[in-house]
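Taking it in order: structure first as structure tokens, then the write-up.
The values are calculated or read from the model by the stated rules, or taken from the named source; none is laboratory data. This is a predicted model, so every value here is computed, not measured. So basically every Cβ, Gly included, is an ideal-geometry build from the backbone, and we count neighbours across all protein chains shown.
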Amino acid sequence: MNNVVLSPVIMSCTNLSKTFNEGKFHVEVLNNVNLAIHEREMVAIIGPSGCGKSTLLHLLGGLDKPTCGTVNICGTEITSLNEKAKGDLRNKYLGFVYQFHHLLPEFSALENVSMPLLIRGTHPDLAMHEAEAILLKVGLSERLQHRTGELSGGERQRVAIARALVTNPKCVLADEPTGNLDHKTAEHIYELIAELNDELHTSFVIVSHDLSITKRVQRTLTLRDGVIAQ
């Protein structure tokens, strides 16, 4: 594994906490979490199902609001931004990969991957060109015009990874990206992520309960009782 220069910091959180209020009950999921993600770094956050890993990822990506604490992305503190500003920042700096790929079934792989660029305002011809280039990188040159229903589970996740990377983000947040895949396909996805990290210098934060991920990343953090442990 290549050595990683742990600077600069591209994403961080300080005293990040999240409590869910369900009637009279208060469930504390995260408690004063402090974390920094560096440029080109691959980090795994592991822990059992239900421990708050996905909640942490959503807070880091500005998809949810913390009860208290702050999140900083590329020099901008995002927790005080309005939704449009947070959306613009996500589109500029972040990519997302989910366990359930969330591809649009009525569109082709090429069209799905071009969406983040079209949302950004990129000319459609250029958006399609960039989408095709990243799909080639993830090994889907023969699947450009195939719709979701015509792709295997592994191919769908490759499309999702391509969509996350098409904007050349600083960091990709991946939530159980292989949770729906068989072991062999999951291994191929992890190998692909490692290759793209090395080639494109994009940071990855991967949430998983699969301990095999730890051998593929530079740093592993464990989430337990709402607190991150090295």
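Annotations
- If the condition is being under 26 Å from Leu59 (Cα atoms), polar (S, T, N, Q) and either in a helix (DSSP H, G or I) or modelled with pLDDT of 90 or more (or both), then the stretch 91-124 contributes Asn91, Asn112, Ser114.
- Residues that are surrounded by 18 or more Cβ atoms within 10 Å (Cβ to Cβ) and over 19 Å from Glu41 (Cα atoms), drawn from the stretch 216-230: Gly226
- Residues that are assigned to a strand (DSSP E or B) and of a type in the set (S, T, N, Q) were ranked within the stretch 205-230; the one that is farthest from Val33 (Cα to Cα) is Ser208.
- Residues within the stretch 125-159 that are assigned to a helix (DSSP H, G or I) and at pLDDT 90 or above, tallied: 12
Every residue, every condition in (1) farther than 18 Å from Ile193 by Cβ; (2) under 19 Å from the mean Cα position of the chain (by Cα); (3) of a type in the set (Lys, Arg), yes or no:
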| position | (1), (2), (3) |
| --- | --- |
| His123 | yes, no, no |
| Met128 | yes, no, no |
| Leu140 | no, no, no |
| Arg147 | yes, no, yes |
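- Look at (1) touching a strand residue (DSSP E or B) at 6+ places or on another chain (Cβ under 8 Å); (2) surrounded by 14 or more Cβ atoms within 10 Å (Cβ to Cβ); (3) more than 20 Å from Thr220 (Cβ to Cβ) and you find that Glu41 fails only one, number (3).
- Any hit, the stretch 118-126, residues being touching a Leu at 6+ places or on another chain (Cβ under 9 Å), on the phi < 0 side of the Ramachandran plot, surrounded by fewer than 20 Cβ atoms within 10 Å (Cβ to Cβ) and of a type in the set (Lys, Arg): no
- Considering Leu165, Leu196, the condition of being out of contact with any helix residue (DSSP H, G or I) (no Cβ under 6 Å at 6 or more places or on another chain), crowded, with 19+ Cβ neighbours inside 10 Å and either of a type in the set (S, T, N, Q) or under 29 Å from Ile45 (Cα atoms) (or both) is satisfied by Leu196 alone.
Every residue, every condition in (1) at pLDDT 80 or above; (2) assigned to a strand (DSSP E or B); (3) buried (at least 19 other Cβ atoms within 10 Å of the Cβ), yes or no:
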position: Thr19; (1), (2), (3): yes, yes, no
position: Glu28; (1), (2), (3): yes, yes, no
position: Asn31; (1), (2), (3): yes, yes, no
position: Ile45; (1), (2), (3): yes, yes, yes
position: Gly50; (1), (2), (3): no, no, no
position: Leu59; (1), (2), (3): yes, no, yes
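- Residue, surrounded by the most Cβ atoms within 10 Å (Cβ to Cβ), within the stretch 168-179, restricted to residues that are in a loop (DSSP other than H, G, I, E, B) and within 12 Å of the chain's Cα centre (by Cα): Pro177
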